[in-house]
Amino acid sequence: MTNRLSVLFRCDASPTIGLGHLVRCLALADELHENHGVAVSFAMRASPLASQMVKRRSYPILQAPDGTVFDQKAWLHDCVLKSEAQILVVDVRDDLSKATLESLARKGTVIAVLDDLSDRRWAADLAFYPPVPQVERIDWSGFRGKLCIGWEWVVLRPQFAQSAPLRKRSKCSLLIAMGGSDPAGLTLKAVHALDRLDEEFESVIIVGAGFCHGQSLRKLLGQTRRRFTVREDVSEMSAAMAEASLAICSFGMTAYELAAMGVPSVYMCLTPDHGQSASALAAAGMGISVGVNDPDIEVRLAAAVLRLLVDKNARAQMSARARELMDGRGASRIAELLVSMGRQRYS
C-alpha cells in the first residue's frame, strides 16, 4: 500500500434512478483529488451515462458484475483491495448491508456515509446529513462515529460555493430544472402548470444529460400558449441559475444548488421521503413545497408560482435566507474530515 491516501466511492446513477448521488460524489471526489492530493476511484453498477460522467474526470471505475443480484460483500471487498482504499464513501440506495461495511471497518477502512438513513449508518465513522425531519427523528444514541447534521454539510459542486451577484432584472425569469434525468417527467407537469398563468415572465427549461422525455416535451411546447426557451445539458448550472428570479425544481441536489445561488424555489417531490426533506427547506424559508407528485400537483404548482410571482418581497426574503444558510462549501468541509481521519488512522 502506498503512503498516498486513497478513497473509494460506492455510488450508482442512471437515467432511471437519477444522477444526483453521483454528481455530489464527483464534487467530493474532485475536492479530495485536486485540493488534498487523494487518489480517487469509483465502485459502480453498470450504467453508460454514469461511466461517461466518471471517465470525464479520469477516475478509475470498478464495475459491479452484470445482473441485479450478486455477492456485493465479496465484490466491494475486492474493490477496496484493488483500489488500495483506506477510506470508503457510501452514497447508495440499494441492498448493501451494514454487515458488509462492518467487515470492512474491522480491517481498518474508514467508512463515511452521505445522507444514509438505513442501518448502514451504524457502521460509519463519519455520517453527514442535511437537517431534515427524517434525520432528527432517528435515535442516534449509541452511535460511535462522528455525526454531522446541518446545511453546511450539503455537498455541492465548486461552482455553487461562490456567491452570485444579486439579480437586477426588469422582467421576471422563471427557471424549470428537474435535475439530470427527470425520470417521472415532472418537467412536462411544470410546463402545463405555467401555461395556466396569464402573468408576464420569461420561462426557461433546463434538461439534463439523462432526460428521456425529449419527444414529449417538444410536442407539448408546440401546443402551449406560453413560449419556453429550452437549454440542454448545461455545464455551468450556477450561471444559468443566477439568471433566474424564481425556479421550479424536482427536490434533490438541484434544490440545494438553487438555494446556494439564492434562487427562491418551488419544490416538486417524487416520494414521501423527498416531501419530508423539502419541508425542511420550506420551513427554513428558502422556498415552497407543493408536496408529492399526484394528479393535482399541477394545480398546486400553478398557485404556488403565482403567489411568488406577485410577491417580490417574499422572493427577496427567500433569496436572502437561502444565501445565509447554504454556502456551498460542504464538499471542502467533508474532505478535510475524511483526510484528517484517514491520516490519523494510517500515519
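The values are calculated or read from the model by the stated rules, or taken from the named source; none is laboratory data. Owing to the predicted nature of the structure, the values given are computational and were not obtained by experimental measurement. Using ideal geometry, Cβ is built from the backbone for each residue, glycine included, and neighbour counts are taken over all protein chains shown. When the accessible area is computed, the model is the full protein with side chains, heavy atoms only, and any ligands, DNA or RNA have been set aside. Shrake-Rupley method; radii C 1.70, N 1.55, O 1.52, S 1.80 Å.
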Task: Backbone HN-Hα couplings from phi across region 20-34 [Karplus 6.51/-1.76/1.60, Hz, Gly and Pro as x] - done: x, 5, 5, 4, 6, 5, 5, 4, 5, 4, 4, 4, 5, 6, 7
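So if I average 1/r over every pair of distinct C-alpha atoms in region 8-136 and take the inverse, what Kirkwood radius in Å does that give? Could the numbers behind the result be given before it?
Numbers: mean 1/r = 0.0670 Å⁻¹.
Its Kirkwood hydrodynamic radius stands at 14.9 Å.
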Open item on the list: Can you give me the C-alpha center-to-center distance between region 273-347 and region 105-126, rounded to a whole angstrom?
Closed with: 25
- [ ] Ignoring everything but the protein chains, give the 1.4 Å probe accessible area of M237 in square angstrom, nearest 10.
- [x] 20
- [ ] Search the structure for amide H atoms under 5 Å from the amide H of E202, placed 1.01 Å from N in the peptide plane, and list their residues when 5 or more places away or on another chain.
- [x] C172, S173, L174
Open item on the list: Could you work out the pair-distance distribution P(r) of region 31-97 from its alpha-carbon pairs, with 5 angstrom bin width and percents rounded to whole numbers?
Closed with: 3, 14, 26, 28, 19, 8, 2, 0
- [ ] Report ³J(HN,Hα) in whole Hz for each residue of region 60-71, in order, from the Karplus equation J = 6.51 cos²θ - 1.76 cosθ + 1.60 where θ = phi - 60°; Gly and Pro get x.
- [x] x, 10, 9, 8, 5, x, 4, x, 7, 10, 7, 7
Open item on the list: Give me Rg/Rg_expected for region 291-347, where Rg uses Cα atoms only and Rg_expected = 2.2 N^0.38 Å with N residues.
Closed with: 2.00
TODO: Could you state the angle between the C-alpha long axis of helix 297-309 and the longest principal axis of the C-alpha atoms of the chain, as a value from 0 to 90 degrees rounded to the nearest 10?
DONE: 70
- [ ] Hand me the tally of lysine pairs in the chain: alpha carbons under 22 angstrom apart, and the pair either on different chains or 8 or more positions apart.
- [x] 12
Open item on the list: Could you give the length gained by full extension between V299 and I61, i.e. 0.36 nm per residue of separation minus their alpha carbon distance, to one decimal place?
Closed with: 81.3 nm
Open item on the list: Can you give me the long-range amide H partners of A43? Hydrogens built in the peptide plane at 1.01 Å from N, cutoff under 5 Å, separation of 5 or more residues or another chain.
Closed with: F9, R10, C11, L62
Task: Label-zone membership for region 303-317, site H192, 7 angstrom Cα→C-beta point, backbone N under 15 Å - done: 303
- [ ] Report the FRET efficiency, 1/(1 + (r/R0)^6), for K73 and E324, where r is their Cβ-Cβ distance and R0 is 41 Å, rounded to 0.05.
- [x] 0.40
Task: Accessible area in square angstrom per residue, region 43-172, 1.4 angstrom probe - done: 50
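Carbon and sulfur together cover what percent of the accessible area of the chain at a 1.4 Å probe radius?
Numbers: 7480 of 15430 Å².
Exposed carbon and sulfur together represent 48 percent of the surface.
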- [ ] Would you kindly state how much longer the chain becomes between F143 and R307 on full extension, computed as 0.36 nm times their sequence separation minus their alpha carbon distance, in nm to one decimal?
- [x] 54.7 nm
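Select from region 94-123 those trypsin sites (Lys or Arg not before Pro) which occupy a DSSP coil region and have at most 16 other Cβ atoms within 10 Å, ordered by residue number. Please report the intermediate quantities before stating the final value.
Working: sites: K98, R106, K107, R120, R121; in loops: K107.
Filter output for region 94-123: K107.
Suppose a student asked you for the relative contact order of the chain, using Cα pairs under 8 Å spaced at least 6 residues apart; what percent would you report? Present the calculation step by step, with values, prior to reporting the outcome.
On the way: 658 pairs, mean separation 62.1, N = 347.
Taking the mean separation of contacting Cα pairs over the length of the chain, I get 18 percent.
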Open item on the list: Taking only the Cα atoms of region 229-347, how large is their convex hull per residue, in Å³?
Closed with: 140
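Would you mind getting me the FRET efficiency between D273 and A316? Use the beta-carbon distance for r and R0 = 22 Å, nearest 0.05.
Details: r = 30 Å, r/R0 = 1.39.
Rounded to the nearest 0.05, the efficiency is 0.10.
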Task: Placed amide H near I288: partners under 5 Å, 5+ positions off or other chain - done: S265, V266, Y267
Task: Residues N35 and A239, FRET efficiency given R0 of 25 Å [Cβ-Cβ distance, rounded to 0.05] - done: 0.65
TODO: Would you kindly compute the Cα radius of gyration of region 78-145 and its largest Cα-Cα separation (Dmax), both in Å?
DONE: 12.2, 38
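Taking 0.36 nm per residue of sequence separation and subtracting the Cα-Cα distance, how much length would be gained by fully extending the chain between E84 and A282, in nm to one decimal?
Details: separation 198, 0.36 × 198 = 71.28 nm, distance 4.23 nm.
Going from the current span to full extension adds 67.1 nm.
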TODO: Would you mind computing the Rg to Rh ratio of region 117-220 from its alpha-carbon coordinates, Kirkwood style for Rh?
DONE: 1.11
TODO: Relative to the longest principal axis of the C-alpha atoms of the chain, give the angle of the C-alpha long axis of helix 312-325, reported between 0 and 90° and rounded to the nearest 10°.
DONE: 10
Open item on the list: Just the number please: accessible area per residue for region 199-329, 1.4 Å probe, all protein chains included, in Å².
Closed with: 44
Open item on the list: Given 4 °C and 1.567 mPa s, compute D for the chain with the Stokes-Einstein relation, Rh being the Kirkwood radius over Cα pairs; round to the nearest whole µm²/s.
Closed with: 62
